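Asks: Take a look at this one; I'll ask things after.
The values are calculated or read from the model by the stated rules, or taken from the named source; none is laboratory data. Please read these numbers as outputs of a predicted model, since none were measured by experiment. Neighbour counts run over all protein chains shown; Cβ positions are idealised from the backbone, glycine included. SASA here: full protein model, heavy atoms, side chains in, ligands and nucleic acids out. Shrake-Rupley method; radii C 1.70, N 1.55, O 1.52, S 1.80 Å.
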Amino acid sequence: MENLTLLIEKENERLLAPIRENMDQFFLSIMGMCILFMQCGFAFLEAGAVRSKNATNILIKNVMDVFIAGVCYWLFGYAFAFGDGNQFIGYKHFSSSLLDDSQYAFVFFQYTFAATAATIVSGAVAERCEFIAYFIYSIFITGFIYPVVTHWAWHSEGWLTQGETYLFEGENNTMVATTIAYQDFAGSGVVHVVGGVSALVGAVLLGPRIGRFHKETSTVGTIRGHSVPIAALGGFILFFGFLAFNGGSQGSISGEGDGAAVSIAVYNTIISGSFAAFTILFLNKIQIFGNSSWSLLLTINGALAGMVAVCAGCNVFYPWCACIVGVIAAISYSFWGWLVRKLRIDDPIEAVAVHFGGGTWGVIAVAFFDKNDGIVFTWDKQSAYSLAWQCCGVGAIIAWTGALSVLMFSVMKAFNILRVSEDIELKGLDIPKHQEPAYPIEAYGHGHIERILQILSEGPKHIKQGMVNMVYESEIKDNGPYESPEVKAASEQRNGSVNNLVAYGKQHEADTRL
Amino acid sequence: MENLTLLIEKENERLLAPIRENMDQFFLSIMGMCILFMQCGFAFLEAGAVRSKNATNILIKNVMDVFIAGVCYWLFGYAFAFGDGNQFIGYKHFSSSLLDDSQYAFVFFQYTFAATAATIVSGAVAERCEFIAYFIYSIFITGFIYPVVTHWAWHSEGWLTQGETYLFEGENNTMVATTIAYQDFAGSGVVHVVGGVSALVGAVLLGPRIGRFHKETSTVGTIRGHSVPIAALGGFILFFGFLAFNGGSQGSISGEGDGAAVSIAVYNTIISGSFAAFTILFLNKIQIFGNSSWSLLLTINGALAGMVAVCAGCNVFYPWCACIVGVIAAISYSFWGWLVRKLRIDDPIEAVAVHFGGGTWGVIAVAFFDKNDGIVFTWDKQSAYSLAWQCCGVGAIIAWTGALSVLMFSVMKAFNILRVSEDIELKGLDIPKHQEPAYPIEAYGHGHIERILQILSEGPKHIKQGMVNMVYESEIKDNGPYESPEVKAASEQRNGSVNNLVAYGKQHEADTRL
Amino acid sequence: MENLTLLIEKENERLLAPIRENMDQFFLSIMGMCILFMQCGFAFLEAGAVRSKNATNILIKNVMDVFIAGVCYWLFGYAFAFGDGNQFIGYKHFSSSLLDDSQYAFVFFQYTFAATAATIVSGAVAERCEFIAYFIYSIFITGFIYPVVTHWAWHSEGWLTQGETYLFEGENNTMVATTIAYQDFAGSGVVHVVGGVSALVGAVLLGPRIGRFHKETSTVGTIRGHSVPIAALGGFILFFGFLAFNGGSQGSISGEGDGAAVSIAVYNTIISGSFAAFTILFLNKIQIFGNSSWSLLLTINGALAGMVAVCAGCNVFYPWCACIVGVIAAISYSFWGWLVRKLRIDDPIEAVAVHFGGGTWGVIAVAFFDKNDGIVFTWDKQSAYSLAWQCCGVGAIIAWTGALSVLMFSVMKAFNILRVSEDIELKGLDIPKHQEPAYPIEAYGHGHIERILQILSEGPKHIKQGMVNMVYESEIKDNGPYESPEVKAASEQRNGSVNNLVAYGKQHEADTRL
């Protein structure tokens, strides 16, 4: 009977194995797809935050991130990250050689993470970075800097994965050998600190945009992005993507407890993001780090910081811990944002504050809130060592990424290919570099320019409510014309306008005569 | 042998149990993610439908819906909805206490529904609702009003779920005891009627926007939204999300027939939405409820109404029934839209017509078209009782939501925190409340403003085809300049313009001299 | 023992069957949803590429594609495609009659493909096609042209699926009977060549837009689309959707090796798209088919062409083959784009180059790079026959689609319902046809028009940095005003402007006096 049960179990496992494999690959594929869609989120968050004259430039960078990572991660990134090798780096499976068919789902999934790490930088160096410099750093990050860090922390060989075995006091005064290692479930450190540090270095070495900081008045100028809706679209897509980013990090769905781990990770992401959003909304409203308004863009960034911070431990947090992580993440984001401005570093979309600020806190939070051995649950030598390993891990990541980024950006600066000329920066990059203005004026028909020209050419008596009569004919018939506040104001101003202009002209003539 | 088969089956089930659980959690997580993305859809549908001066305001409301629901549904909403309690309300699992890890997928999934219910309201109260009032109603709906309704209709304890057992005549004159209960698969009533009723009450108590209805002429003014593409984006995302909303409502994918139920629900959603879209498109074109144009925005709303209506029975409809449900949903939407306007209620995005109009019809449609015992298939006492229960259910939902909404919005009105001041309404909410204009004029570079100033400053002889010579240089070289109709018109008007202006100035001088 | 194992296996299979079925339906549903979301991608890619005066028109076409296909594919499309019938066409399951519940997932999945085929056309005929003509061709393509092709190539009965059995020389001089058939995994030919050919015919028969080609100068005019960000959004969504399009084409996830096939298909899509994007970016930069700029829109189109081309064989390519396929797809796209322009055919979004250019190459590429018997691996009679079948298949598709499209568009042209009047084309279709301008000027508040009127009405001394003082008050308090390059330029030009205008006016007067 025993034997029989065993036989059945064995048979079963044999039959279930392909089903399990399929489930896992399905899971990794669909989650990877959603994570890749985050590129669209980053693109629009950033595009909304730059001026219209640089919108095409930031969009092409985000589009190319997908494809640069596609090429580089395939050619060598994956080999460095997940190929067998040593504790520091892998060197197998270059250009996916010797890979079994069943491994491509994993390769694809990891590729989407690599693309994310690189894309963080583009926001911080926006509106002034040379396109060729962007190419170089993007290749370097997706192909080398980031893969090495993943090898450390996510490959079984990596020194951060292996950690160290220590003897701790167990029950009855016995000594128990326990391995303590760096924990980073979805990459608060591995992805976001890498991206954040590189973004910081890039922003520092590029220097601020023209007009961002005033030398004489020593004030910080606000350079507004050109479209809040575009930025909000990016934010929404990132919220969606982050659920896949954190949930998908479980890496499989067929093992016992996988489903629960995925759903807890997803749920904690929402909880942390929600509390972070609230925190930043009210911090700003009550004028701590803020200007007393209900800011949408800050709220989005705050929520993202909360989601970044919860990455590292979203599988081992209770929801109430995720809530604390979120609140502190928002504060950390505000603090780093303030510090970056204080240090006269120009980071147009606050990538450093979100990803570095959120990420570092997230790595450390694991040591405190891990439900198994977090410091708030059991404060002992073991949890202290865990904290040390988390700090060590994030320190190593910062040092590695920082050093290589400094090298990379400095060399480019030395060769003078890092920053566009002042002339191009003032003009904006879209036309000189891409010949594609984001909103070509001549493509706007019945709308802004024609209407204005019409207003200029016709007397005030021709001003119509709504718009040109002909085109809205049926509407007028249906509903009666509506004189909106805008139209009314426009109409009144316009009447005044010509008078003023003529008066001004006469005055001007009079002035020049003197 | 019998025994052996049984043993194998038992063993098998034991081994399959974790696989099933994982599949279900995977299913709920990914479907929930897609449903949450509907928030982005609502945000953009609404943002496109308001004027630019209120775009940031409507976007932050939709962003915060995600996070308000995140907090409230976690703290108490889920407990009221799916905690054990009585027939009316649950009271267990506050802040997800005592929840097993395996239940988080379900909590997350239900949370995404709660967020949807609240977000419906924001469209109806757009462009005039105080931000703080929004906070209060959003907390109240996601945390209490909606959860209680779900407890009634979707928790096994709820009075609408339990229904009532009646004796019906069976075959051979025997009496058969059958339980009749309220049926609402994906929430035509539970989600959309709740949202729609609350939206209606909010819109009534807020009153119309300035300029929407003319007292003297008693006409309805059209206040156009600022961007059709933004609204269309929202529509597309909602179409996508609705498939998950209805398909996901099966709640599991591992049981026999689950997959079929999911795919029928998905397919019926498309069928109903398609026929509703066609109906509204042609109703409008042939001027029943319409203005004889092919309207995109109406088509989107009509399709959504069809998808809302099919929610309640998408798992038990034949496709041809879904098609009838869609057609009637579109008519219902048109009727409610007309009625709301007639009653001088200002609902900027027709949330009431879509969600209330579609939802109520959807609940009732189940009684008619359920393939098991719908009235069109078997008209007998049992199906009549089913209809009565559907009406009773939707009536109870309307009464509950209506009463609490009236209370909630009235109290806010009494405290004068419901509506912004006239001054702010005219200015738009974005700058006074959020200090974030959606499209900050100074962020637009080579484009509108500069070009116009250039036209003003240079004589007509300097007008160039396309744009400034320098920037399009290579294009001109490549393709030859193209004098587009717009540019030509602009150029001609401009030539006239200065003449006119000068002439007008002279005339004006002459006039004032008299 | 043998028997026992067999029994266990049989029992197992019985128990696993519903699980497998559920997995497959789940897979088809979620993939289908993502594919349907591609409609949003096409909508925005196209909307960004037209002028603002036609944006609503192109959006409603893409919205209606979803619903036209919903109706037509349900009523008869599916029956023609996957109903039993003969080698040429199916005729069963009209309006999903006699369909088992378990088949709806497949119907839904195939429907999303049909919608894609139709939507390709709308881009090529943009800005001049009558709405009613659009209706007719869309019904015809989704309901007949495309379904018949799928019957040929994807239904087990179809003549392209069945292929032909040949005798080839095997080992030891024996003859082996092998069946060679047309291979098209995800539809490079079935979907994209159908769409591309129909788009080509439509564009030819409609004729170019006014202003696109100059008769006298014989130059090609560039008619820019109105919004790069909108086009980029479409591109991103299509990249996302293509992964589902190609991965989902496996059609099931429960069989052994399904997961691997899906993930290889997904990964090859990224690889091919990436290399295609790089190729086109550099081809354009070094001025082969290009203008020496880093073009975003070309890069997006190139990547899409790469993804289109890899459809046919993404399950049987090694990644390095996908990389070659991508490079050649980009060249093919450039060539077709050049040829189409050369032939004075006006295809506003280059749908022909992307889908026809990418698709035909993709079909042929299978014969070369199939890892099982591709020409580059084993050049023999069998691989030559495969090539012949691929060419034959794509030829038949071109002939069928071309002939029917010519018929369809010619008849519409004869009845004069194909193209809008010149008057409406110049005005743009949005207002005359839809009464919904994409960006109604009166909906833009504190923004463009008011600001310009203010500049006109006030003297230069009143020019403020940033914007109106009142509204940005707190900002000024916080950060100090920032005189951006734009504002500075505007301010300087404005000062000059009035002087110039006055001067011009005086000069003008003087001129006219002479």
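Asks: Using Stokes-Einstein with the Kirkwood hydrodynamic radius over Cα pairs, what translational diffusion coefficient do you get for segment A:84-160 at 25 °C and a viscosity of 0.890 mPa s, in µm²/s rounded to a whole number? Intermediate results must be reported in sequence, preceding the final value.
Replies: On the way: Rh = 13.8 Å.
Taking Rh from Cα pairs, D becomes 178 µm²/s.
Asks: When each pair of different Cα atoms in segment C:202-290 is counted once in the 1/r mean, what is the Kirkwood radius in angstroms, to one decimal?
Replies: With all distinct Cα pairs of segment C:202-290 included, I get 16.8 Å.
Asks: Give a residue-ordered list of calculated ³J(HN,Hα) values for segment B:357-373 (Karplus: 6.51 cos²θ - 1.76 cosθ + 1.60, θ = phi - 60°; whole Hz; x for Gly, Pro).
Replies: Taking θ as phi minus 60°, the curve returns x, x, x, 4, 4, x, 4, 6, 4, 4, 4, 8, 10, 3, 5, 7, 8 Hz for segment B:357-373.
Asks: Under the √(5λ) rule applied to the eigenvalues of the Cα gyration tensor, what semi-axes describe the equivalent ellipsoid of segment A:160-227? Give them in Å, descending. Mind dumping the intermediate values first?
Replies: Working: eigenvalues 483, 39, 25 Å².
Each semi-axis is the square root of five times an eigenvalue, giving 49, 14, 11 Å.
Asks: Can you bin segment C:125-267 into rounded, prolate or oblate? Criterion: square roots of the alpha carbon gyration tensor eigenvalues sorted a ≥ b ≥ c, rounded for a/c under 1.5, prolate for a/b above b/c, oblate for the rest. The partial results should precede the final answer.
Replies: Working: a/c = 2.37, a/b = 1.84, b/c = 1.29.
Prolate.
Asks: Round to a whole angstrom and tell me the spacing of the C-alpha centers of segment A:70-132 and segment A:307-349.
Replies: 26
Asks: Could you report the buried accessible area between C and A, both sides summed, computed with a 1.4 Å probe and given in Å² to the nearest 100? Could the numbers behind the result be given before it?
Replies: On the way: alone 24970 and 24950 Å², together 40980 Å².
Buried area (both sides, nearest 100 Å²): 8900 Å².
Asks: Of B:PHE37, B:ALA79, B:SER96, whose Cα points farthest to the positive end of the dipole of segment B:9-119 (charges on the beta-carbon: +1 Lys, Arg; -1 Asp, Glu; origin at the Cα centre)?
Replies: B:PHE37
Asks: What is the spin-label model distance, in nm, from A:LYS10 to B:ALA17 if the labels are put 7 Å beyond Cα along the C-beta direction?
Replies: Each label point lies 7 Å from its Cα, and together they span 2.4 nm.
Asks: Moving to a separate point now. Show the residues, 5+ positions off or on another chain, whose built amide H is closer than 5 Å to the amide H of B:GLY163.
Replies: B:TYR182
Asks: Scale the Cα Rg of segment A:333-445 by the rule-of-thumb value 2.2 N^0.38 Å and send over the ratio, two decimals.
Replies: Working: Rg = 21.6 Å, N = 113, 2.2 N^0.38 = 13.3 Å.
Cα-based Rg divided by the globular estimate yields 1.63.
Asks: Starting from the Cα of C:THR219, step 7 Å along the direction of its Cβ; do the same at C:LEU407; then give the gap between the two resulting points in nm.
Replies: My value for the distance between the label points is 4.3 nm.
Asks: So who's got an amide H within less than 5 Å of the one on B:GLY85, skipping anything under 5 residues away but keeping other chains? H placed 1.01 Å off N, in plane.
Replies: Long-range HN contacts for B:GLY85: B:TYR91.
Asks: Here's another thing I want to ask about it. Structure shown: which of B:LYS61/C:LYS433; C:LYS285/C:LYS342; B:LYS285/C:LYS427; B:LYS413/B:LYS433; C:LYS61/C:LYS427; B:LYS61/B:LYS92 lie over 23 Å apart, alpha-carbon to alpha-carbon?
Replies: Numbers: B:LYS61/C:LYS433 33 Å; C:LYS285/C:LYS342 21 Å; B:LYS285/C:LYS427 21 Å; B:LYS413/B:LYS433 19 Å; C:LYS61/C:LYS427 19 Å; B:LYS61/B:LYS92 29 Å.
Distance filter (> 23 Å) returns B:LYS61/C:LYS433; B:LYS61/B:LYS92.
Asks: C:ARG419's amide H: which non-local residues (gap 5+, or another chain) put their own amide H closer than 5 Å, with H modeled 1.01 Å from N in plane and none for Pro or chain starts?
Replies: Amide H neighbours of C:ARG419, under 5 Å, 5+ apart: C:GLU130.
Asks: Given 25 °C and 0.890 mPa s, compute D for segment B:267-404 with the Stokes-Einstein relation, Rh being the Kirkwood radius over Cα pairs; round to the nearest whole µm²/s.
Replies: Values: Rh = 15.1 Å.
It comes out at roughly 163 µm²/s.
Asks: Right, next: Using all Cα-Cα distances in segment A:1-99, what percent lands in each 10 angstrom bin from 0 up to the longest?
Replies: 13, 22, 26, 20, 11, 5, 2, 0
Asks: Separate question: Give the dimensionless ratio obtained when the Cα radius of gyration of segment B:52-183 is divided by 2.2 N^0.38 Å.
Replies: Details: Rg = 19.0 Å, N = 132, 2.2 N^0.38 = 14.1 Å.
For segment B:52-183, the normalised Cα radius of gyration is 1.35.
Asks: Could you tell me what % of all Cα pairs in segment B:358-411 have separations over 19 Å?
Replies: 39
Asks: Something else: Give the Rg (one decimal place) followed by the Dmax (whole number) of segment B:279-320, computed from C-alpha coordinates and expressed in Å.
Replies: Rg and Dmax of segment B:279-320, Cα atoms, are 12.5, 36 Å.
Asks: For segment A:327-375, what are Rg and Dmax over the alpha carbons, in angstrom?
Replies: 12.7, 42
Asks: I need to check one value: relative contact order of segment C:35-182, counting alpha carbon pairs closer than 8 Å and at least 6 residues apart, in percent. Don't jump to the answer; show the numbers that get you there.
Replies: Values: 213 pairs, mean separation 37.7, N = 148.
Normalised by residue count, the contact order of segment C:35-182 is 25 percent.
Asks: Spin-label point model (7 Å from Cα, Cβ direction): what's the A:ASN291 to C:GLN162 distance in nm?
Replies: Distance between label points: 7.3 nm.
Asks: State in Å² the accessible area per residue of segment B:272-331; use a 1.4 Å probe, count heavy atoms of protein chains only, and round to the nearest integer.
Replies: Details: 1500 Å² over 60 residues.
It amounts to 25 Å² per residue over segment B:272-331.
Asks: Let me ask something else about it. Spelling out what I want: for every residue of segment B:382-392, take phi, set θ = phi - 60°, compute 6.51 cos²θ - 1.76 cosθ + 1.60 (Karplus), and round to whole Hz; glycine and proline get x.
Replies: Rounded to whole hertz, the list is 4, 5, 5, 5, 4, 4, 4, 5, 5, 5, 4.
Asks: Using a 1.4 Å probe on the protein heavy atoms, what percent of the accessible area of segment C:258-406 belongs to carbon and sulfur? Provide the component values of the computation, followed by the final result.
Replies: Values: 3030 of 4290 Å².
Answer for segment C:258-406: carbon and sulfur cover 71 percent of the accessible area.
Asks: Using each residue's phi in segment C:313-324, evaluate 6.51 cos²θ - 1.76 cosθ + 1.60 at θ = phi - 60° and report the 3J(HN,Hα) Karplus result to the nearest Hz, with x for Gly and Pro.
Replies: Here the 3J(HN,Hα) series is x, 4, 8, 10, 9, 6, x, 5, 6, 4, 5, 5 Hz.
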